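**Q** Okay, handing you the structure first.
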């Protein structure tokens, strides 16, 4: 793994050639970001290493790797668990190693981190950045490890950044206690990982959009309107090629709104809606649309067609609504996806939905 090098004019004036930041990042929060940003500004190259054993529920390697990539795209990061480390060792012809347990002695972790730098990343560092009092000992251990392997290399310096936590007064433990309560300390790209999507499905004129708007308001969050309806109204109709545009647009809208949502994102339909209209209108479905229709949702509601059909100039008729409703139910059942049927007036549907979501929320990681 090669580190990105800052080759701009400012690089020559940075005090350190290669820096290192190590952490669990469970989750990555603004305290970590402050540390990493400080290191970035002081180093021509920066390596960020993350590992933890055991893993924290919902905070696995893939998520932590994605957070670092999204928030610090210019940094080279190494995020490992036992499985990924085994693969890296095999690809380099190295004897297998396993991560040290979090409770093991500091000397074990220091040697392991130095080995990751040398054997896996093929580099050494001249500075390590921490916000902890163990930083001097960490730097000394790195110096001892690198000295015989990198002749002529000077000692590794320790740069202590905001040890009193004056700049960002927060800890991973505190955030894990209630991620949503402390979201101000989490970057939107990180917080989005913990927002749960709720999907509303239903035939035309089943109150779905009205419910989506009202449910989002009651929950204090945002909702994702139907891209397909917007595009249909704009163009006065849709082609087969538009089906993919709709599905991809809906997926992109949801991804963007996850960063604005609060705990839940209410989705007015999904790519499954596009599958239905593609089959109904064209008798076929683009493979991309089918793939996007596999997007999982924490909760799925189906709005019952239990009140008079209202024609707004864009809809078919009550018979079409009933057929669409049956199709959603049959497809969800065939896929083994649980759903809740919402019936009655708006307030009744809202109460039912909120009750179901409260129960689901307590079961989610």
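**Q** Among the residues of the range 256-269, count how many are closer than 18 Å to residue 300 by Cα and without any contact (Cβ under 8 Å) to a residue 12 or more places away in the chain.
**A** 0
**Q** Continuing with this model, one more query. Quick one: which of 110, 98, 64 is at pLDDT 95 or above, in the same structural domain as residue 38 (by TED's automatic domain parsing) and assigned to a loop (DSSP other than H, G, I, E, B)? Walk me through how you get there before you give the answer.
**A** On the way: 110 fails: assigned to a loop (DSSP other than H, G, I, E, B); 64 fails: assigned to a loop (DSSP other than H, G, I, E, B).
After applying the criteria, what remains is 98.
**Q** Keeping to the range 198-225, report how many residues are closer than 21 Å to residue 324 by Cβ and either in the same structural domain as residue 168 (by TED's automatic domain parsing) or modelled with pLDDT of 95 or more (or both). First the steps, then the outcome.
**A** Step one: of the range 198-225, the residues closer than 21 Å to residue 324 by Cβ are 198-213, 215, 223-225.
Imposing the further condition that a residue be either in the same structural domain as residue 168 (by TED's automatic domain parsing) or modelled with pLDDT of 95 or more (or both) reduces the set to 198-201, 211-213, 215, 223-225.
Residues meeting the conditions: 11.
**Q** Just a yes or no: is a residue in the range 25-35 outside any helix (DSSP H, G or I), on the phi > 0 side of the Ramachandran plot and in the same structural domain as residue 127 (by TED's automatic domain parsing)?
**A** Of the residues in the range 25-35, the ones outside any helix (DSSP H, G or I) are 25-29.
Filter once more, so that each one left must be on the phi > 0 side of the Ramachandran plot: 25.
Remaining after also requiring in the same structural domain as residue 127 (by TED's automatic domain parsing): 25.
Yes, that holds for at least one residue.
**Q** Moving on to the next point. Quick check on the range 162-171. Is at least one of its residues modelled with pLDDT of 90 or more and in contact with a helix residue (DSSP H, G or I) (Cβ under 8 Å, 6 or more places away or on another chain)? Walk me through how you get there before you give the answer.
**A** So the first thing to find is which residues in the range 162-171 are modelled with pLDDT of 90 or more, and the list is none.
No, the range 162-171 contains no residue that is modelled with pLDDT of 90 or more and in contact with a helix residue (DSSP H, G or I) (Cβ under 8 Å, 6 or more places away or on another chain).
**Q** Follow-up question, since we're still on this one. How many residues are crowded, with 19+ Cβ neighbours inside 10 Å and more than 18 Å from residue 19 (Cβ to Cβ) when one looks only at the range 113-131?
**A** Total meeting the criteria: 0.
**Q** Sticking with this one: When residue 178 is evaluated against the numbered criteria (1) free of Cβ contacts under 8 Å to residues at least 40 places away in the same chain; (2) farther than 22 Å from residue 222 by Cβ; (3) within 24 Å of the chain's Cα centre (by Cα), which criterion, by number, is the only one it fails?
**A** (2)
**Q** Of the residues that make up the range 39-56, is at least one assigned to a loop (DSSP other than H, G, I, E, B), under 22 Å from residue 168 (Cβ atoms), assigned by TED's automatic domain parsing to the domain that holds residue 157 and in contact with a strand residue (DSSP E or B) (Cβ under 7 Å, 6 or more places away or on another chain)? Spell out the reasoning first.
**A** Step one: filter the range 39-56 for residues assigned to a loop (DSSP other than H, G, I, E, B), giving 51-56.
Among the residues that remain, those that are also under 22 Å from residue 168 (Cβ atoms) are: 52, 56.
Now narrow it down to the ones that are assigned by TED's automatic domain parsing to the domain that holds residue 157: 52, 56.
Pick out the ones that are also in contact with a strand residue (DSSP E or B) (Cβ under 7 Å, 6 or more places away or on another chain) and you get none.
Among the residues of the range 39-56, not one is assigned to a loop (DSSP other than H, G, I, E, B), under 22 Å from residue 168 (Cβ atoms), assigned by TED's automatic domain parsing to the domain that holds residue 157 and in contact with a strand residue (DSSP E or B) (Cβ under 7 Å, 6 or more places away or on another chain), which makes the answer no.
Table: residues versus (1) in contact with a strand residue (DSSP E or B) (Cβ under 8 Å, 6 or more places away or on another chain); (2) loosely packed, with under 15 Cβ neighbours inside 10 Å; (3) at pLDDT below 95.
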position: 280; (1), (2), (3): no, yes, yes
position: 287; (1), (2), (3): no, yes, no
position: 299; (1), (2), (3): yes, no, no
position: 313; (1), (2), (3): no, yes, yes
position: 321; (1), (2), (3): no, no, yes
position: 327; (1), (2), (3): no, no, no
position: 335; (1), (2), (3): no, yes, no
position: 338; (1), (2), (3): yes, yes, no
position: 347; (1), (2), (3): no, yes, no
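**Q** Let me ask another. Do we have residue 93 as farther than 29 Å from residue 82 by Cβ and exposed (fewer than 12 other Cβ atoms within 10 Å of the Cβ) here? Give the derivation first.
**A** On the way: farther than 29 Å from residue 82 by Cβ: no; exposed (fewer than 12 other Cβ atoms within 10 Å of the Cβ): yes.
In short, no.
**Q** OK, next. Just the residues that are part of a helix (DSSP H, G or I) and more than 16 Å from residue 215 (Cα to Cα), please, taken from the range 255-270. Write out each step before concluding.
**A** Taking the range 255-270 as the starting set, the residues that turn out to be part of a helix (DSSP H, G or I) are 255-257.
Correct list: 255, 256.
**Q** Select, from 303, 267, the only residue that is surrounded by 22 or more Cβ atoms within 10 Å (Cβ to Cβ), assigned by TED's automatic domain parsing to the domain that holds residue 347, closer than 28 Å to residue 184 by Cβ and in contact with a helix residue (DSSP H, G or I) (Cβ under 9 Å, 6 or more places away or on another chain). Can you show your working first?
**A** On the way: 303 fails: closer than 28 Å to residue 184 by Cβ.
That would be 267, the only listed residue that is surrounded by 22 or more Cβ atoms within 10 Å (Cβ to Cβ), assigned by TED's automatic domain parsing to the domain that holds residue 347, closer than 28 Å to residue 184 by Cβ and in contact with a helix residue (DSSP H, G or I) (Cβ under 9 Å, 6 or more places away or on another chain).
**Q** Here's something else I'd like to know. Can you work out which of the residues in the range 213-227 that are under 23 Å from the mean Cα position of the chain (by Cα) and part of a helix (DSSP H, G or I) is nearest to residue 252 (Cα to Cα)?
**A** The qualifying residue nearest to residue 252 (Cα to Cα) is 227.
**Q** What number of residues within the range 132-155 are outside any helix (DSSP H, G or I) and either within 32 Å of the chain's Cα centre (by Cα) or under 17 Å from residue 23 (Cβ atoms) (or both)? Walk me through it before giving the result.
**A** As a first pass, look at the range 132-155 and keep what is outside any helix (DSSP H, G or I): 132-134, 147-155.
Then keep just the ones that are either within 32 Å of the chain's Cα centre (by Cα) or under 17 Å from residue 23 (Cβ atoms) (or both); that gives 132-134.
Adding up the residues that qualify gives 3.
**Q** Given the criterion surrounded by 14 or more Cβ atoms within 10 Å (Cβ to Cβ) and without any contact (Cβ under 8 Å) to a residue 12 or more places away in the chain, identify the matching residue among 109, 158.
**A** Values: 158 fails: without any contact (Cβ under 8 Å) to a residue 12 or more places away in the chain.
Going through 109, 158 in turn, the sole match is 109.
**Q** Give me the residue from the range 187-203 that is closer than 17 Å to residue 33 by Cβ and in contact with a helix residue (DSSP H, G or I) (Cβ under 7 Å, 6 or more places away or on another chain) and, out of that set, surrounded by the most Cβ atoms within 10 Å (Cβ to Cβ).
**A** Checked the range 187-203; the qualifying residue surrounded by the most Cβ atoms within 10 Å (Cβ to Cβ) is 190.
**Q** Can you find even one residue in the range 228-246 that is modelled with pLDDT under 95, under 19 Å from residue 302 (Cβ atoms) and surrounded by 14 or more Cβ atoms within 10 Å (Cβ to Cβ)?
**A** Yes; the residues of the range 228-246 include at least one that is modelled with pLDDT under 95, under 19 Å from residue 302 (Cβ atoms) and surrounded by 14 or more Cβ atoms within 10 Å (Cβ to Cβ).
The values are calculated or read from the model by the stated rules, or taken from the named source; none is laboratory data. Treat the numbers as computed from the prediction; the structure is a model and nothing was measured. Glycine also receives a Cβ, built like all others from the backbone with ideal geometry; neighbour counts cover every protein chain displayed.
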